[in-house]
Amino acid sequence: MFAPQPPHTSKYYHQQLEQAHALVVQMGARVERQAVDAIECLATGSVALIDQVLRHEAVINAMERSIDELASHIIARRQPAASDLRLLTAVLKVTQDLERIGDEAKKIALQARESRNVRGMRLPRQADVRRMAAIVQDMLRSAIAALETLEPRAAIALARRDEESDLVFQGVLRQLISFMIEDPRSISAGLDLVFVAKALERIGDHAKNIAEHAIYAVKGADVRHATVAEIERELRR
């Protein structure tokens, strides 16, 4: 739902704004499903699930084009001001982050396809990659909820989870590098795991961005690159 806004002179204009918001939430739900499926691919190696993740991409790309066209049309024809313009700007930015999350999910699925027949090589930190995947899934779910409700305080929790995800990623990277140095036979499998962990880290970053766009839509504040403390101060204003 939208944050409270003054009445519009045009009912059709208001419907267009609601449509843009609804479409980006739908795109978010589709991207969330793609990411969940991609992470599941890592555990199962399911060919059918991998193909399903890849099919999501065409739908997501089409949704991005439709949303961009609608938002650009509203801006050009209606020349919205204040909160309406902030909302549409946030919608356009969110579609970019969602499309990039979809790209990272596709990379994970393709990696799962490449490595599904590789067995027997035990690598350290696989449990941490699974933990990182769980954190990122929760972040993405929270980001989509914040997008739907335009709840700015969600960005604080997401910023904290992003810090946690980054720490896990750093631990995975350090341990895998050490392991590959000690056993060169593990290099190929180790690089595959690093690739997956990096894609998960990027999904978390984009999820945090989405919540920050919600703050911009509601408060008009740009909190990109802000610390948790700085975001909290901004929301108290």
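I'd like the Karplus ³J(HN,Hα) series for region 208-216: coefficients 6.51, -1.76, 1.60, θ = phi - 60°, whole numbers in Hz, and an x wherever there's a Gly or Pro.
4, 4, 4, 5, 5, 5, 5, 4, 4
Based on the inverse mean of 1/r over its pairs of different Cα atoms, what is the Kirkwood hydrodynamic radius of region 39-84, in Å?
Values: mean 1/r = 0.0754 Å⁻¹.
13.3 Å is the Kirkwood radius here.
Which value, in Å to one decimal place, does the Kirkwood hydrodynamic radius take for region 178-237 when every pair of different Cα atoms is included? Don't jump to the answer; show the numbers that get you there.
Working: mean 1/r = 0.0707 Å⁻¹.
The answer is 14.1 Å.
Per residue of region 90-99, in order, report the coupling 6.51 cos²θ - 1.76 cosθ + 1.60 (Karplus, θ = phi - 60°) as ³J(HN,Hα) in whole Hz, putting x for Gly and Pro.
With coefficients 6.51, -1.76 and 1.60, one gets 5, 4, 5, 6, 5, 4, 5, 5, 5, 5 Hz.
Cα centroid distance between region 127-164 and region 197-237, in Å?
The two parts, judged by their Cα centres, are 11 Å apart.
Ala22 versus Ala134, label points 7 Å from Cα toward the beta carbon: distance in nm?
Distance between label points: 3.7 nm.
For region 186-201, what does the Karplus curve 6.51 cos²θ - 1.76 cosθ + 1.60, with θ = phi - 60°, yield as ³J(HN,Hα) per residue in whole Hz, taken in order and with x for Gly and Pro?
Once θ is set to phi - 60°, the couplings for region 186-201 become 8, 4, 4, 5, x, 5, 4, 5, 4, 4, 5, 4, 5, 4, 5, 4 Hz.
For the chain, what is the mean residue ellipticity at 222 nm derived from helices alone (per DSSP H run of n ≥ 4: -39500 (n - 2.57); sum divided by total residues; nearest 500 deg cm²/dmol)? Intermediate results must be reported in sequence, preceding the final value.
On the way: 7 runs with 195 residues, N = 237.
Using -39500 (n - 2.57) per qualifying helix, the result is -29500 deg cm²/dmol.
Size of the dipole of the chain about the Cα centre, Lys and Arg at +1 and Asp and Glu at -1 on the beta carbon, nothing else charged, in debye to 20?
Numbers: 33 positive and 33 negative charges, 22 e Å.
That gives a dipole near 100 debye.
If I take R0 = 25 Å and measure r between the Cβ atoms of Ala82 and Arg233 in this structure, what FRET efficiency does the formula 1/(1 + (r/R0)^6) give, to the nearest 0.05? Before the final figure, lay out the partial values.
Working: r = 23 Å, r/R0 = 0.91.
So, using R0 = 25 Å, E works out to roughly 0.65.
Over all alpha-carbon pairs in the chain, figure out the percentage whose distance exceeds 29 Å. All intermediate terms of the calculation are to be shown ahead of the outcome.
On the way: 9650 of 27966 pairs.
Considering the chain, 35 percent of its Cα-Cα pairs are separated by more than 29 Å.
Send over a whole-number figure in Å² for the accessible area per residue of the chain, probe 1.4 Å. Walk me through the numbers before you get to the answer.
Details: 12110 Å² over 237 residues.
Roughly 51 Å² per residue, with all protein chains present.
Can you give me the distance in nm between label points at Lys198 and Val47, each placed 7 Å from the Cα along the Cα-to-Cβ direction?
In this crude label model, Lys198 to Val47 measures out at 2.9 nm.
In nm, what is the difference between 0.36 nm times the number of residues separating Glu57 and Asp166 and their Cα-Cα distance?
Details: separation 109, 0.36 × 109 = 39.24 nm, distance 2.62 nm.
Fully extending the segment from Glu57 to Asp166 adds 36.6 nm.
How high is the FRET efficiency from Gln175 to Ser72, r the C-beta distance, R0 45 Å, rounded to 0.05?
On the way: r = 46 Å, r/R0 = 1.03.
So the FRET efficiency works out to roughly 0.45.
The values are calculated or read from the model by the stated rules, or taken from the named source; none is laboratory data. None of the values given here were measured: they were computed from a predicted structure. Ideal geometry is used to build each Cβ from the backbone, glycine not excepted, and the neighbour counts take in all protein chains shown. Each accessible area value is taken on the protein alone, full model and side chains, heavy atoms only, with ligands, DNA and RNA left out. Shrake-Rupley method; radii C 1.70, N 1.55, O 1.52, S 1.80 Å.
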